[in-house]
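Asker: Following this message is one structure expressed as structure tokens.
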Amino acid sequence: MNRRFGVLRALACAGACLAGLAPAGTAIAYFDHYLAGTVVGTLTQKQLDVLTDVFRRTLEQGADGGRVPFTLPPDTRERTVEGAFTPLRSRQDHGDRCRQLHSEFRRAGVSESWTGWYCKEKGGDWKSRKLAD
């Protein structure tokens with residue numbers, strides 16, 4: 001799995017699955033198509049690198065309820081992306097540290113948001129996970 005797909009999946013899969021848009025397997029199988037018209041799905045590599053850093057730092061260090069705003073560098077059309085990550089709550093699942101994260105994105109008058117659970121697995125990576133609320 002390439003890095004871009006992995007990060008985009010982590011940011012959006014939980015939101016798509018929890019919203020009932022598609023079963024988890026289907027959402028993953030058609031992930032690139034599903035995100036093609038979204039702000040998250042059209043980020044440049046440079047934007048994705050900055051977003052990945054903010055995403056990981058927020059999950060590692062952000063306080064529950066604390067909003068972490070970000071501004072990504074402009075894309076090739078000189079459009080910046082602004083947004084924020086807000087950890088909503090934390091808990092354990094099968095021994096893994098998990099955090100429910102709300103994500104907001106805005107670019108050129110288009111807004112989108114995602115909320116989902118992310119768990120830090122044994123290898124140290126944060127992965128989206130479906131947890132019962």
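Asker: Cβ-Cβ below 9 Å, separation at least six or inter-chain, first residue in region 59-84 and among the basic types (K, R), second surrounded by fewer than 16 Cβ atoms within 10 Å (Cβ to Cβ): which pairs?
Answerer: Short answer, once both residue conditions are applied: R67/H102; R77/A108; R79/A108.
Asker: Determine, yes or no, whether D49 is over 27 Å from R89 (Cβ atoms), of a type outside the set (S, T, N, Q) and modelled with pLDDT of 70 or more.
Answerer: Values: over 27 Å from R89 (Cβ atoms): yes; of a type outside the set (S, T, N, Q): yes; modelled with pLDDT of 70 or more: yes.
Considered against the rule, which asks whether it is over 27 Å from R89 (Cβ atoms), of a type outside the set (S, T, N, Q) and modelled with pLDDT of 70 or more, D49 comes out as yes.
Asker: Any residue in region 113-133 that is of a type in the set (A, V, I, L, M) sitting within a Cβ distance under 9 Å of a residue that is assigned to a strand (DSSP E or B) and surrounded by fewer than 16 Cβ atoms within 10 Å (Cβ to Cβ)? List the pairs, counting only those 6 or more apart or interchain.
Answerer: Correct list of pairs: L131/R91; L131/D93.
Asker: Sort through V54, V39 and tell me the only one that's crowded, with 18+ Cβ neighbours inside 10 Å, touching a residue at least 24 places away in the same chain (Cβ under 8 Å) and farther than 16 Å from K120 by Cα. Walk me through it before giving the result.
Answerer: Numbers: V54 fails: farther than 16 Å from K120 by Cα.
After applying the criteria, what remains is V39.
Asker: Restricting attention to region 47-70, report how many residues are farther than 19 Å from T115 by Cα and in contact with a strand residue (DSSP E or B) (Cβ under 8 Å, 6 or more places away or on another chain). Outline the logic, then answer.
Answerer: First, the residues of region 47-70 that are farther than 19 Å from T115 by Cα: 47, 49-50.
Subset that is in contact with a strand residue (DSSP E or B) (Cβ under 8 Å, 6 or more places away or on another chain): 47, 50.
Residues flagged as farther than 19 Å from T115 by Cα and in contact with a strand residue (DSSP E or B) (Cβ under 8 Å, 6 or more places away or on another chain) within region 47-70 amount to 2.
Asker: For the condition modelled with pLDDT of 90 or more, in contact with a strand residue (DSSP E or B) (Cβ under 9 Å, 6 or more places away or on another chain) and on the phi < 0 side of the Ramachandran plot, what is the one hit in H94, H102? Spell out the reasoning first.
Answerer: Working: H94 fails: on the phi < 0 side of the Ramachandran plot.
Within the list H94, H102, the selection yields H102.
Asker: If I ask for residues that are of a type outside the set (K, R) and touching a Cys at 6+ places or on another chain (Cβ under 7 Å), which ones from region 91-115 would you list?
Answerer: Here is the first cut: in region 91-115, the residues of a type outside the set (K, R) are 92-96, 98, 100-105, 108-115.
Across region 91-115, the qualifying residues are Q92, D93, D96, C98.
The values are calculated or read from the model by the stated rules, or taken from the named source; none is laboratory data. Fair warning: this is a prediction, and the values are worked out from it, not measured in the lab. Cβ sites come from the backbone with ideal geometry, for glycine too, and all protein chains shown count toward neighbours.
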